[in-house]
Amino acid sequence: CAPTESNEESCFKHFSNEFTLPGAPKFMKLAPCIEHNCCCIGVGKMGPDCADRKRKHVMTTGCLCNFFAMISLLVGSLGGLAADSNVLTRLAWVEGKGDV
């Protein structure tokens, strides 16, 4: 495991800091521009105090929502690109009727 000061004991410890990223050496060279700039620090200060205490829950929820969004986008994209219109009918998560 990469060097970390995290007190996390679960599998989340492997994702706890910048050193655990796949491209860590390159990321650390670019960190002043990517993560430690005035914009990121300013926006980071606006977060509520409760989010700091529940960071793991907030980030896990965000990750799950992001994963669901990616699956939904893939299904929508593949359905929209299909040559057969029945694909859209089978993949529809909403149905409706309209008049022109």
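FYI, it's all coordinate maths here, none of it is from the lab. All values derive from a computational prediction rather than experimental measurement. Backbone-built Cβ (ideal geometry, glycine too); neighbour counts: all protein chains shown.
A Förster radius of 35 Å, combined with the Cβ-Cβ distance separating S10 from A83, puts the computed FRET efficiency at roughly 0.15.
Over all Cα atoms in region 10-100, the spread is summed up by Rg and Dmax: 20.3, 58 Å. Residue by residue, region 60-73 carries 3J(HN,Hα) couplings of 5, 4, x, 5, 5, 5, 5, 4, 4, 5, 5, 5, 4, 5 Hz when phi is fed to the Karplus relation 6.51 cos²θ - 1.76 cosθ + 1.60 (θ = phi - 60°); x denotes Gly or Pro. Rg then Dmax, both in Å and based on the Cα atoms of region 53-99: 15.7, 51.
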